[in-house]
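The values are calculated or read from the model by the stated rules, or taken from the named source; none is laboratory data. The structure displayed is predicted, hence computed values, not measured ones. All Cβ positions, even for glycine, are placed from backbone atoms using ideal geometry, and neighbour counts span all protein chains on display. Only protein heavy atoms, including side chains, enter the accessible area calculation; ligands, DNA and RNA are left aside. Shrake-Rupley method; radii C 1.70, N 1.55, O 1.52, S 1.80 Å.
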Amino acid sequence: MSTATLKDVGKSHDNVKEPLNYLNATNTIKSWLFTVDHKRIAIMYLVAVSVAFLLGGLAAGMIRVELTVPKGQFLTNDAYNKVFTAHGVVMIFFFLIPAVPAVLGNFVLPLMLGARDLAFPRLNLLSFYVYSAALVMGLAAIIGGGVDTGWTFYTPYSSVYSNSNVALTIMAAFVAGFSSIFTGLNFIVTIHKMRAPGMTWFKMPLFAWAMYATSVIIMLGTPVVAITLALVVVERTLGFGIFSPEIGGDPVLFQHLFWFYSHPAVYIMVLPAMGVINEVIAANSKKRIFGYEFVAFSTMAIAVFGFIVWGHHMFATSQSMYLGLVFSVLSFLVAVPSAVKIFNWATTMYKGSVELTSHMLYAFGFLGLFTIGGLTGLYLSSLATDIHLTATYFVVAHFHYVMVGGTAMGFLAGLHFWWPKMTGRMYSEIWGKVSAVLVFLGFNLTFLPQFVVGYLGMPRRYHFYPPEFQLWHVMSTGGAFVLGVGFLLPAFYLVHSLKHGEKAGNNPWRAVGLEWLTMSPPDTHNFHELPVVTWEAYEYFQESHHGGDVAPSRFPFDDEELHLAADEEVHV
Amino acid sequence: MASGHGHGAGFAPDGAPIERISHPKLSLYFGTYFALLGLLVVTVVLYFIDLSKMWHWVGWNIVIALIVATVKALLVVLNFMNVKGGTRLIWLWAALGFIWVLLMGIIFLDYQFRPDSTAWEWQSLTDRK
Amino acid sequence: MSLKSLENAAVASSGHHMIEQKLSVQFEDLDQQNESYIVGMWSFLVTEVMFFGALFLAYTLYRVMYFNTYLEAHHFLDVKLGTLNTLVLLSSSLSAALAVFYAQHGQRIKVALLLAFTCLCAFGFMGIKYVEYTSKINEGLLPDQNFNYAKALTVFHEHHKPAAGTEENPRANVAWEQLELARKANQVSFVVPKDNPETTFVESGFDNRVTSAADATARVVVKSPARERFDIEAGKAKIFFSIYFCMTGLHGIHVIIGIICMTTFILMYLTKHPAVDDYLPTEMLGLYWHFVDIVWIFLFPLMYLIS
């Protein structure tokens, strides 16, 4: 362990020795593997989540290559089923659900709240190891032959008739669910109990509100899918029957229980990304988020309403049409809070001092793409049109717009926004912008054609299709390669910045937030003395009181001002 | 070192915490236990009595059994698990789970409102073939 | 760590307890720490409620749809053993609560003894469960490929002839009636020695296990309508037992986890391990154990006492 004393922290000695921070305080493998520091755990999660994203992306590449030709290129029917299942399972359970909470949430939330760590640091580490174990199990399942049921595991195919590694894959998803639950538990208690003195709920940054809502959904929803999937495994291995029609069971019951979680799961994926967007837009417009309370309440409303709309995934089953009507109406209503947020973000930028940094470009991408995704969701919420569009590529395009255009963009925006804080280095802004534009263009080229081809009747999960759809598929595959390049670029320039990037000050974006009070990278224990918060969450001054200076003076972006002696307190 | 803050409910003017967890006396535990035993007796006795004879509805047995079970669970939650002496936050999370699980009851409506078909043979009261 | 100087090994200022609690570095004061742990444990219990909730839902759904089957099938569950289990679990709940009380007062030996008693009750619970499960499996009621409702019903009715003059619930015999009709149509025949129900049990008609394609075609037997209806009823009963085994099995797994945790705690208390210097881990374990008890409080009337 380090032998530095309190006085040493934050001081650079004659510019010779780098100040002690969470990255260089200890250097052994053991100190990383057994760390309880939320920041180190976030970095480890980043590596793991990136591995998962790469795997899921490779599967996506295989799908797109396969689909360029109407009769399929190189995959058999079985193999194709396994590839798209792998893509779904890995991307959903191992990237989309954990990415923003476990990487950005873990890193930024305690800093943002003015806490020294999460409420349960050891639980945080356990959460990471459980995730890693789940990822290994998932990999083993895929390498060991894969699973061909689709990520939705519909019974009775998955519980009785499939001949693939269903049980192992389900167990991987089950274990990953526990990782998610532990993270959510940590966040809930941290947000309730460990805000800095003076930080009431309505002085909290909106990212924290988003993390709270996400964590509530995680706690209430994940266990349901866990037990449902466990029942499928029991049915498969022991022969118990609960979803089997031959003995009077109901496969639609499986779907009810599965979608009871999996619909709120999409809000687990998108709410954290929305939380990131709050921060990025406020910092890059130098303006407080318009309608803070509305955004906060909308976040909670999405979490609550998200639990009562799951039936819209089941319009084409034997579900009662009267219940379908109810779900349809509720699904229209759940779009309203999301729309409120989009309007609020747009209004935030109005008359703001907008800077087109790379993370702001990602945020713009989010605004546009999530809106398209959300609006196309309305076609699917409407019972009548859904009968035509369900299980076609229209659905595929819709959810990729909200999940990739939403969550992945939000994740990249946050990664770029907080990268200087996490690593103490600035990345190449030009490459950041190039990557953002490539992702945006590539994404649209990939998925806009899929709306068309889905409407024309192309079913999802098929790799043979009528030749008249080929044009759209070829466009889509072309776009996928551009998108792939766009996603790969950050891996290079971000890693490159670790050694060669310009050193970052503590507040390179001149943003408002407690995390920007700390050094870049922060000290292991974040704050010496917890700050006492007496200001609003996004207190950017519009008029320049200091001749062009828009950040309030309580948020210095000069390193010298942060060197505190042990007895100095950050009070305003 | 900062003085104790009431992180659950904010500061009190003198800096003391607003809410604190209090712990019950031994007698409460024993009292609860005997109440639970008594309710167990009620539950089992209820099984052997057919209330539909007295109160003209077949559903009374299950309703009363569930009420009794709920009372038992409440006794355990409030007393053994010390929610009665806990803070508001603890009370919130204790209540939340049990309320939320009822949400899944919406799934029932699907089965209630499906058009009757031969696929689902609901067993009627006079089902004797 | 340099910040250790900020830590207080504070005597709890509440004055309720005589035990010294240590403040972790991420917390500001003990009240915050205590409440955080309790809230954290409760949110975990909320996830457990949802975990069991799906099974309760499936149970309720099928009970409403197939009430007659449930009414008939629940007779296979032994109410006496179930009541005994409930008694055992309630007592263990009391001892767990008392263990937490004494932990708050720092009385190690009493805590260890009470936790040991709780463990003992838990073992008793699992023992009774074992007896129940083995008897079910022997009767052919484990709902896997060897599920044999016909055998189970026949054995049951051999041993439980209703007393003369008592009125049976007319809904409680749907499957049995179909079975009797099927027997009259010579679709099923049984030989059940009164002294040893497990042996010499022959069923003519059809065997669920298909060993080859040729076999499959050969085995298409024209069943009498009664036999068809019986098979449908048996299927519904299979669902009842699937849910029964899943719910009690899941509950049993939670009891076993509780046993493992309690044993660890007993050992830690006896060896004065620093992890149990604070009463909070024991309180959290107590919360878990009470939750396990609550699940059983609901399980028992719903599964065993259907009338």
For residues that are closer than 13 Å to residue C:58 by Cα and in a loop (DSSP other than H, G, I, E, B), scanning just segment A:215-243, find the one that is farthest from the other protein chains (Cβ to nearest Cβ).
A:243
Any chance residue B:10 is modelled with pLDDT under 85, under 30 Å from residue A:533 (Cβ atoms) and at the interface with chain C (Cβ under 7 Å from one of its Cβ atoms):
no
Top-ranked residue of segment B:26-43 - restricted to ones that are of a type in the set (A, V, I, L, M) and surrounded by fewer than 19 Cβ atoms within 10 Å (Cβ to Cβ), ranked as nearest to residue C:95 (Cα to Cα):
B:26
Can you find, within segment C:267-307, the residue that is most open to solvent (accessible area, probe 1.4 Å) among those that are more than 30 Å from residue C:246 (Cα to Cα) and touching a residue at least 12 places away in the same chain (Cβ under 8 Å)?
C:272
Residue satisfying all of: in segment A:434-475; without any contact (Cβ under 8 Å) to a residue 24 or more places away in the chain and either more than 26 Å from residue A:385 (Cβ to Cβ) or part of a helix (DSSP H, G or I) (or both); least open to solvent (accessible area, probe 1.4 Å) among these
A:452
Verdict on residue A:126 being away from chain C (no Cβ under 11 Å), in contact with a Ser or Thr (Cβ under 9 Å, 6 or more places away or on another chain), closer than 30 Å to residue A:529 by Cβ and at pLDDT 95 or above
yes
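Just to be sure, is residue A:364 part of a helix (DSSP H, G or I) and more than 22 Å from the chain's Cα centre (by Cα)?
no
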All positions within segment A:259-284 that are in contact (Cβ under 8 Å) with a residue 60 or more places away in the chain, surrounded by fewer than 24 Cβ atoms within 10 Å (Cβ to Cβ) and not aliphatic (A, V, I, L, M):
A:262
Do we have residue C:20 as open to solvent by 30 Å² or more (accessible area, probe 1.4 Å), among the acidic types (Asp, Glu) and in contact (Cβ under 8 Å) with a residue 40 or more places away in the chain here?
yes
Could you count how many residues in segment C:72-121 are more than 13 Å from chain B (Cβ to nearest Cβ) and buried (at least 23 other Cβ atoms within 10 Å of the Cβ)?
2
Of the residues that make up segment C:295-306, is at least one among the hydrophobic types (A, V, I, L, M, F, W, C) and outside any helix (DSSP H, G or I)?
yes
Positions within segment C:101-132 being touching a Ser or Thr at 6+ places or on another chain (Cβ under 7 Å) and closer than 20 Å to residue C:271 by Cβ, in sequence order
C:103, C:111, C:114, C:117, C:118, C:119
What number of residues within segment C:129-184 satisfy the criterion of being at pLDDT 75 or above, over 29 Å from residue C:255 (Cα atoms) and of a type in the set (Val, Ile, Thr)?
3
Inspect segment A:168-175 for any residue being within 29 Å of residue A:421 (Cα to Cα) and open to solvent by less than 10 Å² (accessible area, probe 1.4 Å) and give the result as yes or no.
no
Please work out which residue is farthest from the chain's Cα centre (by Cα), limiting yourself to segment A:476-488 and to residues that are aliphatic (A, V, I, L, M) and open to solvent by 30 Å² or more (accessible area, probe 1.4 Å).
A:482
It is to be established whether one or more residues within segment A:56-78 are closer than 23 Å to residue A:412 by Cβ, open to solvent by 20 Å² or more (accessible area, probe 1.4 Å) and under 17 Å from the mean Cα position of the chain (by Cα).
yes
Test residue A:391 against the stated conditions and say whether it is open to solvent by 20 Å² or more (accessible area, probe 1.4 Å) and without any contact (Cβ under 8 Å) to a residue 12 or more places away in the chain.
no
Criterion first (part of a helix (DSSP H, G or I), open to solvent by 20 Å² or more (accessible area, probe 1.4 Å) and β-branched (Val, Ile, Thr)) does residue A:295 satisfy it?
no
Based on what the data block shows, is residue A:154 away from chain C (no Cβ under 12 Å), open to solvent by 10 Å² or more (accessible area, probe 1.4 Å) and not in a helix (DSSP H, G or I)?
yes
Is it the case that residue A:311 is among the small types (Gly, Ala, Ser), in a helix (DSSP H, G or I), away from chain B (no Cβ under 14 Å) and touching a Leu at 6+ places or on another chain (Cβ under 7 Å)?
no
If we keep just the residues of segment A:244-258 that are open to solvent by 10 Å² or more (accessible area, probe 1.4 Å) and in a helix (DSSP H, G or I), which is nearest to residue B:103 (Cα to Cα)?
A:255
Keeping to segment A:175-222, report how many residues are polar (S, T, N, Q) and in contact with a Leu (Cβ under 8 Å, 6 or more places away or on another chain).
4
Considering residues of segment A:319-328 that are within 7 Å of chain B (Cβ to nearest Cβ) and among the polar types (S, T, N, Q) only, the residue farthest from the chain's Cα centre (by Cα)
A:320
